[in-house]
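Student: First the structure, which I've put down as structure tokens, then a few questions once you've had a look.
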Ligand code: SF4
């Protein structure tokens, strides 16, 4: 890791200015991913701007939405009473991520911006288009058990690792930012990018643009069922092999609205409008859930080591939604 300069400010405009005017500058909050990236040589910054003193730690509830400041810590959001009561899928996803120590330090904004855990990306000895554009992708013919089967390209098949982002996609959250061109709002659906031929670009932020908050519409909890299921190799401090975030609104036995997001299978937190529409207006039966699962993976492009994910994610969907009918295994 090369030497870098450190700056700190309590003003968002100054933080943005400091980062925007230097190509190799970056914001730092919890630092739980950024410092590892710098040590591993996956990122190289000559200046880090500490934003922990910005007033962005608030968690505020209004009549129809929850506002989470980008510097709120994962643990605080997970244990917030409104989150636990009205957004359990969010609380479950947060508590499924990282370790208690990391959750006490890691920020919500940083969690969304964490980078892939593809081992080749974090090892300078291997070719990686995400780390060095045009150098090749070692995972295509290498060890790819943990990689994506949806949204892949010939240039990158890395999975986005955030559990939080999967829950936020199912909840139709928006990301609020402040940058050199002012403030803007980005739908979660547009925040993370598929790799295409530019896998080094993970998201739609511009250089120097700061995530300031996440906002989530509060669902009507009377008819809404939520759950986050994470399948992983060990019970704690492990990334998802596959995961499912489900937000289902029901009327009687019928599904009125289904919002399903998936982790571990896509190059970004994944949703399939087609799979959701299969469930809408129908009873939540094993057969209908299976039909939705088949549609989810119909365009999957697995590699030799990760072909099992196509079946595993369908089973995870069956398990997640089966709990809502009392029919889960
Ligand atoms: Fe790099 Fe993506 Fe290939 Fe991993 S999958 S080696 S991150 S280009």
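Student: Running a GNM on the chain with Cα contacts under 10 Å, which residue among 31, 109, 252 ends up with the highest mean-square fluctuation?
Tutor: Of the options given, 252 has the highest mean-square fluctuation.
Student: Most mobile of 145, 232, 253 per a Gaussian network model of the chain (Cα springs, under 10 Å)?
Tutor: It is 253.
Student: Here is a further query. Please rank 164, 150, fewest neighbouring Cβ atoms within 10 Å first, as an exposure proxy.
Tutor: Final ranking by Cβ density, sparse to dense: 150, 164.
Student: Ok, one more. Residues of segment 93-112 with the amide nitrogen closer than 15 Å to a label point 7 Å from the Cα of residue 236, along Cα-to-Cβ, please.
Tutor: Label zone hits: 95-104.
Student: Also: Taking N as the number of residues in segment 238-278, what is its Cα Rg relative to 2.2 N^0.38 Å?
Tutor: In units of the 2.2 N^0.38 Å rule of thumb, it is 1.32.
Student: Can you figure out the FRET efficiency of residue 323 with residue 185, using R₀ = 51 Å and their beta-carbon distance, to the nearest 0.05?
Tutor: Computed FRET efficiency for residue 323 and residue 185: 0.95.
Student: Let me ask something additional. Would you please classify the overall shape of segment 224-322 from the alpha carbon gyration tensor, given that a ≥ b ≥ c denote the square roots of the eigenvalues, rounded means a/c under 1.5, and beyond that prolate means a/b larger than b/c while oblate covers the rest?
Tutor: It comes out prolate by the Cα gyration axes.
Student: Looking at the calculated P(r) for segment 39-139, what percent of the C-alpha pair distances fall above 19 Å?
Tutor: 56 percent
Student: Which of 255, 214, 89 moves most in a GNM of the chain, Cα contacts under 10 Å?
Tutor: Result for the chain, Cα springs under 10 Å: 255 fluctuates most.
Student: Could you tell me the calculated FRET efficiency between residue 249 and residue 104, based on Cβ-Cβ distance and R0 = 22 angstrom, to the nearest 0.05?
Tutor: After rounding to 0.05, the efficiency reads 0.05.
Student: Run the numbers for residue 84 and residue 223: contour at 0.36 nm per residue of separation, minus the present Cα-Cα distance, in nm.
Tutor: The residue 84-residue 223 span can extend by a further 48.4 nm.
Student: Another question, then. Would you please classify the overall shape of the chain from the alpha carbon gyration tensor, given that a ≥ b ≥ c denote the square roots of the eigenvalues, rounded means a/c under 1.5, and beyond that prolate means a/b larger than b/c while oblate covers the rest?
Tutor: Note, shape of the chain comes out oblate.
Student: Give the order of 169, 206, 63 when sorted by the count of other beta carbons within 10 angstrom, beginning with the fewest.
Tutor: Fewest-to-most Cβ neighbours within 10 Å comes out as 63, 206, 169.
Student: Quick one: order 209, 299, 14 by neighbouring beta-carbon count within 10 Å, fewest to most.
Tutor: 299, 14, 209
Student: Still on this structure: Give the percent of DSSP beta bridges with both residues in segment 1-125 that are antiparallel, rounded to the nearest 5.
Tutor: Around 35 percent antiparallel, to the nearest 5.
Student: Which residues in segment 11-29 place their backbone N less than 14 Å from a point set 7 Å from the Cα of residue 44 along the Cα-to-Cβ direction?
Tutor: Only 23-25 pass the distance filter.
Every read-out reported here was derived from the displayed coordinates using simple, explicitly stated rules and does not represent laboratory data. None of these values were measured; they are calculated from a predicted model. Cβ coordinates were reconstructed from backbone atoms using ideal geometry, including for glycine residues, and neighbour counts include every protein chain displayed.
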